[in-house]
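In what follows, a structure is listed as structure tokens, so that the remarks can point back to it.
The values are calculated or read from the model by the stated rules, or taken from the named source; none is laboratory data. Only a predicted model underlies this, so the values are computations on that prediction, with no experimental measurement involved. Neighbour counts run over all protein chains shown; Cβ positions are idealised from the backbone, glycine included. What goes into the accessible areas is simple: the full protein's heavy atoms, side chains included, and nothing from ligands, DNA or RNA. Shrake-Rupley method; radii C 1.70, N 1.55, O 1.52, S 1.80 Å.
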Amino acid sequence: MFRHQGKSRTLKHNLQIATVLSFVAGIVNVTGFLSIKQLTTNVTGHFALFIYDVANFDFWRGTIYFLYIFSFLFGSFLSSYLIEKFRANKKLNVFVLPTTIECLVLISIALTSNVMKLESFDTIACLLLFAMGLQNSYVTKISNAIVRTTHLTGLFTDLGIEISQLFFPKLHPNRGKLKSNIQLRIYIILFFFAGGLVGGFLYSKMDFKLNTLIVGAVILLASLFYDDIRYRLIKARRKYTQKKTAKHKHAFRR
């Protein structure tokens with residue numbers, strides 16, 4: 001689900017990565033809100049508050065929201081930069097780099113909270129927004145801008161548009177693609193919601209606090225590991241099949 005790009009990418013691949021990453025985003029969103037009372041998976045609200053503070057000449061307060069926005073932007077930039085820089089290396093799964101950085105950020109916040117009291121909530125917010133910027137960027141590049149997992153505004157907009165198009169089959173004859181898009185968006189919304197429920201339960205009921213972020217990181221790492229093992233098995237099977245076919249052809253010629 002991480003490796004396939006372009007024409008080789010199918011709905012199944014997009015559904016797999018959408019469910020995993022939207023679930024993790026849901027965990028991060030709720031954990032961030034419960035711990036620091038800030039939204040940490042998108043910047044829409046922060047941008048509005050930034051404009052409000054600037055309009056009221058409260059520039060210092062507005063700087064905080066600017067840092068939130070910049071953290072998300074920098075995460076998106078770094079993710080895309082790393083992918084483009086190492087794309088030529090065919091042996092390397094370029095999406096491992098930004099995903100690993102995201103996991104390290106989430107784990108670092110959680111582990112640090114266990115050894116010292118984190119009083120700089122703005123720093124936590126910036127780090128979480130940076131991690132979500134990383135994620136939103138690489139999933140956008142993997143899926144060719146079909147999958148977005150860190151915020152739901154655009155998803156609900158697209159879902160509403162596509163559902164309305166079902167009522168006009170003559171204007172939108174490609175029903176299969178339309179239904180696939182609707183299915184994908186519903187999966188993202190449901191798993192974002194599920195991730196939020198799990199995050200809230202672990203944070204509050206199980207008293208995991210910021211350690212809840214480790215759960216999200218483990219899910220990401222497990223997905224990478226599964227994807228890599230599956231890719232190696234498929235590659236080995238193809239090589240075995242090709243060798244077997246070549247031996248049969250050689251024996252037949254003799």
Search result, residues across segment 173-206 that are part of a loop (DSSP other than H, G, I, E, B) and either under 23 Å from residue 36 (Cα atoms) or of a type in the set (A, V, I, L, M) (or both): 206
Of all residues in segment 157-198, which are aromatic (Phe, Trp, Tyr) and under 15 Å from residue 26 (Cβ atoms)? 187, 191, 192, 193
Residues of segment 187-213 satisfying the condition of being open to solvent by 50 Å² or more (accessible area, probe 1.4 Å) and among the hydrophobic types (A, V, I, L, M, F, W, C): 190, 191, 193, 197, 198, 201, 206, 208
Does segment 111-159 hold any residues that are outside any helix (DSSP H, G or I), in contact (Cβ under 8 Å) with a residue 40 or more places away in the chain and open to solvent by 60 Å² or more (accessible area, probe 1.4 Å), and which are they? 144, 146, 148
Answer from 34, 15, 73, 67 - the residue that is surrounded by fewer than 19 Cβ atoms within 10 Å (Cβ to Cβ), out of contact with any helix residue (DSSP H, G or I) (no Cβ under 6 Å at 6 or more places or on another chain) and in contact (Cβ under 8 Å) with a residue 24 or more places away in the chain: 73
Go through (1) closer than 19 Å to residue 217 by Cα; (2) touching a Ser or Thr at 6+ places or on another chain (Cβ under 7 Å) for residue 141 and report which single condition fails. (1)
